[in-house]
Amino acid sequence: MGEAIRIIGIDPGLRRTGWGIVESLGNSLRFVASGTVRSDEKAALAMRLCQLHDGLAEVLHAAMPHEAAVEQTFVNKDAAATLKLGQARGIAMLVPARAGLVVAEYAPNAVKKAVIGVGHGDKKQIHMMVKVLMPKATFDSDDAADALAIAICHAHHRQSVAYRLAALAG
């Protein structure tokens, strides 16, 4: 049947970056781990980005995933907050890329559609479906639960021809 593929999903944020790891084998998913990397809100921006980088690098080193998926940034009305989120997202993409992983990106609506079946839904619905899909899953924050949803979304989409071609080109 093949080997299980270990996927890390990352939900970027400057205060909290959630991560969730699943293993995908055929149509089955297995929860591996999840958690949250936190930055010190009182520290300078550059130091906070370093904290996120170092925390994610530790997770990748320990978990040794094969593939990574990151949620795309949505633009909100607060330009400064959107810019900071973009910087955290850059770290979330840089760390797995530096580890040699192909990094897939998914819009929030695509993640919701993959997990709850529709492109719109609230966090409670996502968390409930993550627990339905993986009853052994645990998460210490909403961000970690969202990261698991991102990993699940990637597991569903990774078999697509477009993703396989991008992985071969990368």
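Things worth noting here:
- Lysine pairs in the chain whose alpha-carbon atoms fall under 23 angstrom of each other, counting only those eight or more residues apart or on distinct chains, come to 15.
- Based on C-alpha pairs under 8 angstrom that are at least 6 apart in sequence, the chain has a relative contact order of 30 percent.
- With a Förster radius of 25 Å applied to the C-beta separation of Met64 and Arg38, the computed FRET efficiency comes to 0.65.
- Sorting 97-103, 64-70 by their mean Cβ neighbour count within 10 Å, with the most densely packed peptide first, gives 64-70, 97-103.
- Pairs of Cα atoms nearer than 8 Å and 6+ residues apart set the relative contact order; for the range 54-153 it is 27 percent.
- Every helix of 4 or more DSSP H residues in the chain counts as -39500 (n - 2.57), and over all residues that averages to -16000 deg cm²/dmol at 222 nm.
- Near the amide H of Val70, within less than 5 Å, lie the amide hydrogens of Ile10, Ala104, Glu105, Tyr106, all on another chain or at least 5 residues away, with H placed in the peptide plane.
- Cβ-defined net charge surrounding Glu105, 10 Å radius [Lys, Arg +1; Asp, Glu -1]: 0
- Stretch gain in nm, segment Ala4-Asp140, where the contour uses 0.36 nm per residue and the Cα spacing is subtracted: 46.5 nm
- The length gained on full extension between Leu94 and Asn27, counted as 0.36 nm times the residue separation minus their Cα-Cα distance, comes to 21.2 nm.
- Pairwise FRET efficiency - Ala107 versus Leu45, Cβ, R0 = 22 Å, nearest 0.05: 0.30
Since every read-out is calculated from the coordinates, none of them should be taken as a lab result. All values derive from a computational prediction rather than experimental measurement. We place every Cβ from the backbone using ideal geometry, glycine too, and count neighbours over all the protein chains shown.
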